[in-house]
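The values are calculated or read from the model by the stated rules, or taken from the named source; none is laboratory data. Treat the numbers as computed from the prediction; the structure is a model and nothing was measured. Cβ placement follows ideal geometry from the backbone for every residue including glycine, while neighbour counts extend to all protein chains displayed.
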Amino acid sequence: MQTEQTVSAKKRLTKRTFVAAALILVAIPLTIFLGILLGDRQYYFVSLLIILYTMIPFFMVFERRKPKARELVVIAVLCAIAVAGRAVFIFLPFFKPLVAIVIITGVAFGGEAGFLCGAVSGFVSNFIFGQGPWTPWQMFAYGIAGFLAGILHKKGWLKAKTLPLCIFGGMVVMLIVGPLLDTAALFTMSSMINTENAAVVYLAGLPVNGIHAVATVAFLLLLSRSMLNKLNRIKLKFGMLQEE
């Protein structure tokens, strides 16, 4: 049986998590703001910087050993599933499984992998939906969902069960992902940023965020249990993404 010290050690956040938090909460918002100052056409440069930032803490997992191809392939496959899921539901505006897949990735492999999956999926899927100054905001918003899911799960505050994940998914879309995307619309589409325009944008975003939240809850309800079971078996069998 696990001792209290063992359980506490597993819940303790690692150095790479603090590095990831600094990059995600400080470096990435500053980079997005810099992109606004430089002009709309810099979104490709900003997007690539965000991907670079997310790779740093992810690859810190391998600082004491070489990465295994299968570890990278699984994350790549999850990103591909998220992108494909967003593309398949192109006919249903705002009803997409992407955030649900990102949350599952964060719970299964940690917050760093969750943010990487969200950022990469947002960037790649926009080659289908259209790149623009909103892309870095989407990468940040989707990535935050995966990062928070991973951190809260590691601390024991988010159980890897269907109901808690559905509640978390709905809340994170309505309170974080949606408002971040609304803020992107305010900065990238409004001719003037003032209280009136902000109120219009955020109020108009409520039904959109509601649809997005319902989709996230629905896909977590359908996919989370089976996907997490399979991903956990893969982790245990191959010892994936574990610090040594």
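Determine which member of the set 109, 91 is more than 11 Å from the chain's Cα centre (by Cα) and surrounded by fewer than 24 Cβ atoms within 10 Å (Cβ to Cβ). Explain how you work it out, then say what you get.
Working: 109 fails: surrounded by fewer than 24 Cβ atoms within 10 Å (Cβ to Cβ).
After applying the criteria, what remains is 91.
Residues 41, 16, 86, 64: which one is modelled with pLDDT under 85, buried (at least 19 other Cβ atoms within 10 Å of the Cβ) and among the basic types (Lys, Arg)?
On the way: 41 fails: buried (at least 19 other Cβ atoms within 10 Å of the Cβ); 86 fails: modelled with pLDDT under 85; 64 fails: buried (at least 19 other Cβ atoms within 10 Å of the Cβ).
Of the residues listed, the single one that is modelled with pLDDT under 85, buried (at least 19 other Cβ atoms within 10 Å of the Cβ) and among the basic types (Lys, Arg) is 16.
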Exercise. For segment 163-186, does any single residue satisfy the condition of being modelled with pLDDT under 90 and farther than 25 Å from residue 24 by Cα?
Worked result: no
For this session: List every residue pair whose Cβ atoms lie under 8 Å apart, where the two residues are 6 or more positions apart in sequence or sit on different chains, the first residue falls within segment 1-26 and is closer than 17 Å to residue 140 by Cα, and the second residue, located anywhere, is modelled with pLDDT of 80 or more and not in a helix (DSSP H, G or I).
Result: 17/110
